[in-house]
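The values are calculated or read from the model by the stated rules, or taken from the named source; none is laboratory data. Keep in mind that this is a model prediction, so the values were computed, not measured. Neighbour counts are summed over all protein chains in view; Cβ atoms, including those assigned to glycine, are modelled from backbone coordinates with ideal geometry. All accessible areas refer to the heavy atoms of the entire protein, side chains included, with ligands and DNA or RNA removed. Shrake-Rupley method; radii C 1.70, N 1.55, O 1.52, S 1.80 Å.
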Amino acid sequence: MNIERTELLNALSESNPLESLSQDSLAELVEHGKTFSVERDESLSLRPGDHEGGLFIVISGRLSFISKSASGGDQVLDEMACGDFVGDFITKIGGSSKALLVAAEPVLLFTIPMEVLNRLFTKQPEAELHFDVALRQLVYRAQLAVHLSDLFEIQAPSAFKELVEEVEWRSLCSGEVLYRQNDPGDSVYIVLAGRMRASVKERDGKQRIVNEMAAGETVGEVALLTSSQRAATLIAARDTVLARLSSAAFEKLTDRYPRIMLQIARLIGLRLRKQWSDKKSHHNRGATFVIVPVHHEFDVDKFVSSLFETLKFTGSTACFNAEQVDLALGHKGISNEPCTSAKSTQIAQWFHEQEVSYQNIILIADGPWSSWCERAIRQADHVLLVADSESDVEPGSREKKINALWDFSSHLKQSLVLLHPPETSEISGTERWLKERRLNGFYHVKSDSPDDFARLARILTGQANALVLGGGGARGYAHIGVLRALEENGVPIDMVCGTSIGAIIAAGVALEYDSKKISAVCSQYFRSFFDYTLPVISLIKGRKIEQNLHEALGDRQIEDLPLPFFCISTNLTRAEQVVHSRGSLTGSIRASMSLPAMVPPVYHSGDLLVDGGVLNNLPIDVMHNLCSGGNIIAVDISPKIDLANNDQFSVSVSGLRLLLERLNPFRSNRYRPSIFDVLSRSITLAAVNRSMRQEEQDLASLYLLLPVETIGTLEYDELERISNLGYTSSIKQVTEWCQGHERD
């Protein structure tokens with residue numbers, strides 16, 4: 001008995017996690033702990049209730065850490081001997097069915113009495129800190145063993161022990177930068193848990209996300225292999241753990257296992273293929289959303305229930321609050337463990353398993369601010385602030401805590417969802433909600449509307465149907481026919497934008513008008529709105545346009561529209577495009593359709609705004625950046641070849657003679673361009689050429705180039721004919737596209 005006790009004390013003394021405890025404390029552990037044995041080739045059962053505590057120390061013998069492989073059989077990755085800690089934190093690496101602890105020879109184990117250990121830690125807090133750090137490193141070691149096996153097929157315990165001595169463990173909080181673009185490439189990293197996001201700095205100074213790396217992937221290998229600078233900035237999109245290998249350590253590894261270079265080449269090839277071949281950036285990873293009620297009295301359960309039901313149709317979905325996380329992990333209060341706790345590694349591993357199992361995850365951060373709220377936000381891709389539209393617009397206490405965590409523009413989206421009463425007919429006052437908040441988006445939802453929740457779910461998961469309508473004068477009425485084709489095929493529009501006449505039609509869509517109502521509005525207000533004047537600054541006054549826009553659309557603000565909307569104008573003063581996503585709806589559309597020389601420019605903060613078609617007649621690129629990989633439906637009414645089949649006329653033209661010819665009822669039916677046609681085509685030529693580029697069109701899921709060459713840009717009295725042309729020329733393509741999506 002004395003020998004056994006001495007042996008136990010020696011084993012506990014040699015155990016790294018416990019080395020900061022005093023000998024008296026170790027003796028107390030021995031007094032209350034128990035031993036049990038595992039026979040050779042027997043796996044260590046770690047099911048809840050089998051052994052109290054779930055933490056053990058190897059007293060004698062040897063345990064093998066085995067990864068089960070469907071193709072290669074069982075692979076021994078690491079070994080545990082006298083003094084080593086083991087537990088379910090090891091076998092849960094990569095999933096409970098993948099990793100096992102098997103006795104390589106008869107093994108004697110000592111069960112750690114956790115109640116006693118926690119009591120000892122209250123007296124020796126420095127020992128608890130050391131214990132937590134050591135335990136986390138054991139988890140990291142097990143994760144590294146599994147990932148090296150998966151990545152490079154390394155299954156040699158002796159070689160792994162040598163490699164671990166060269167490894168530096170790096171733990172990053174969500175939002176923390178690992179390295180920046182142009183930093184020296186002096187190491188390679190393996191992501192053990194969490195997720196990293198790579199971004200590059202564009203010419204305009206903005207960061208563009210180019211890739212994401214999840215647990216089990218390598219990062220930084222290209223710069224190391226090519227002895228070059230980092231090509232991108234790498235930021236943690238989750239609380240993330242990495243294993244760092246210096247250039248010297250990596251060289252040793254590749255010398256011993258030359259096949260690693262081939263595996264890395266394949267990884268780089270797959271990453272580049274994913275990065276560059278899929279320019280549409282379809283949403284395929286899924287996302288984690290954290291729901292944060294702005295006010296404590298908000299009925300978050302009802303909102304989450306409705307969102308959950310609609311998210312299920314976009315992909316497999318799970319939902320968790322703090323209590324459900326505790327239940328899933330079998331430890332009450334574990335969800336509120338601080339990030340510095342050793343248990344946080346277990347929580348992170350569990351979250352990783354959920355993200356592997358589900359496409360969408362909803363986390364609920366309600367109640368008073370807590371460690372759980374902070375953890376949920378750090379685990380998320382997208383923070384959804386939800387509020388009753390009729391409540392106080394001031395940021396709540398939780399919201400203020402969130403804003404204190406970090407700058408959201410770097411890696412985490414933050415959006416506002418405003419819930420409206422079922423009877424709401426017209427939204428107002430959204431600007432007050434947006435004024436004091438930094439948001440990536442805002443969405444309106446009627447509390448009892450399945451369609452509104454379905455739209456929100458599609459937008460959040462990158463599956464929105466985004467409509468882009470180009471400019472082109474009266475030809476824009478063809479857009480109405482396309483809307484009719486989409487309606488007949490049951491395609492809901494979730495986001496919409498337009499330029500010039502396309503902005504007018506898009507505004508109707510954003511107001512949730514159907515094609516018939518949009519046609520009626522256009523027929524009433526936009527068949528004739530030209531009030532010609534002495535051409536000092538323009539050919540028309542523009543007063544009638546403003547009056548008709550106001551009568552048709554009222555005094556609405558863009559942010560009050562039920563659907564996300566924007567339109568494009570051109571800043572003539574600064575030679576740049578302007579994206580109107582907030583502010584006066586009529587004022588923005590008026591700027592978007594102010595064709596230079598035809599319509600007076602719009603004065604805005606000292607600058608002059610003109611027709612968006614000057615720079616971007618079909619803003620597919622802008623919508624692509626906003627809709628997060630959704631289905632972009634682009635309708636182009638500016639053909640590459642236009643103003644053809646004209647009557648021959650001399651270089652010098654008499655305007656009076658041409659006017660008399662047009663008044664002649666027996667004139668030739670051959671087309672002759674008007675001054676508006678020539679101006680419109682000339683001014684928008686660069687933008688039309690841009691929209692015809694293949695790389696621009698490739699950003700759209702469905703690109704429709706309508707055959708409107710025979711329609712004059714001033715034929716506003718031909719609304720029905722032009723609309724029917726849009727329908728007949730698009731219905732086949734729209735139907736085939738929808739059928740293709742159903743097969744997918």
Practice item. Starting from the Cα gyration tensor of region 338-385, take the square roots of the eigenvalues, sort them a ≥ b ≥ c, and report rounded, prolate or oblate (rounded when a/c is under 1.5, otherwise prolate if a/b is larger than b/c, else oblate). Key: oblate
Check your understanding: Sequence-distant or interchain residues sharing an amide H contact under 5 Å with R195, placed H: which?
Key -> A237, R238
Exercise for review: Rank-order 552-560, 564-572, 626-634, 612-620 by packing density, defined as the average count of other C-beta atoms within 10 Å over each peptide's residues, highest first.
Suggested key: 612-620, 564-572, 626-634, 552-560
Exercise for review: Mind grabbing the accessible area of S428 for me, 1.4 Å probe, Å², rounded to tens?
Suggested key: 90
Practice item. Quote the FRET efficiency, to the nearest 0.05, computed for A159 versus H295 with a Förster distance R0 of 56 Å and r equal to the Cβ-Cβ distance. Key: 0.45
Revision key, fill the gap. Between S447 and residues 5 or more places away or on another chain, the pairs with built amide H atoms under 5 Å apart involve H420
Point to revise | Distance cut-off 29 Å, percentage of C-alpha pairs in region 176-332 lying past it | key: 36
Point to revise | R0 of 41 Å, Cβ-Cβ distance A27-K68: FRET efficiency to nearest 0.05 | key: 0.55
Check your understanding: Percent of accessible area on region 459-498 owned by carbon and sulfur, 1.4 Å probe?
Key -> 45
Point to revise | Largest-first ordering by accessible area, 1.4 Å probe, given options H741, H420 | key: H741, H420
Practice item. Figure the gain on full extension for A404 and Q263 (residue separation times 0.36 nm, minus the Cα-Cα span) and round it to one decimal in nm. Key: 46.6 nm
Check your understanding: What accessible area, in Å² to the nearest ten, does a 1.4 Å probe give for W737?
Key -> 30
Point to revise | For region 278-399, convex hull volume per residue from C-alpha positions, Å³ | key: 135
Check your understanding: According to a simple spin-label model (label point 7 Å from Cα along Cα-to-Cβ), what is the distance in nm between Q739 and F36?
Key -> 6.3
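Over 23 Å between C-alpha atoms is what I'm after, so list which of K516/K732; K302/K332; K401/K435; K332/K400; K302/K435 land there.
K302/K332; K332/K400; K302/K435
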Revision key, fill the gap. Of I209, I377, ordered by accessible area with the largest first and a 1.4 Å probe, the sequence is I209, I377
Study note, to complete from the structure: Straight-line reach check, K413, cutoff 12 Å on alpha carbons, 8 or more apart in-chain or any other chain, hits among aspartates and glutamates -> D381
Review point. So, in nm, how far is label D717 from label E168 when the simple model puts each one 7 Å beyond its Cα toward the Cβ?
Key: 7.9
Exercise for review: Determine, at each q value in 0.11, 0.16 (inverse angstroms), the log₁₀ of I(q)/I(0) that the Debye formula gives when each Cα of region 352-450 is one equal point scatterer.
Suggested key: -0.38, -0.78
Review point. Short version: ³J(HN,Hα) in whole Hz for each residue of region 228-243, in order, from phi by Karplus 6.51 cos²θ - 1.76 cosθ + 1.60 (θ = phi - 60°), x for Gly and Pro, what are they?
Key: 10, 7, 5, 7, 8, 8, 10, 10, 6, 8, 9, 4, 10, 10, 10, 9
Review point. Which cross-chain or sequence-distant (5 or more) residues have an amide H under 5 Å from the amide H of S60, H modelled 1.01 Å from N in plane?
Key: L108
**Study point:** F308-D392 pseudo-label distance in nm [points 7 Å out on the Cα-to-Cβ vector]
**Key:** 2.9
Check your understanding: What whole-number value in Å² describes the accessible area per residue of region 203-332 for a 1.4 Å probe?
Key -> 53
Check your understanding: FRET efficiency for T710 and S581, Cβ-Cβ distance as r, R0 = 45 Å, nearest 0.05?
Key -> 0.85
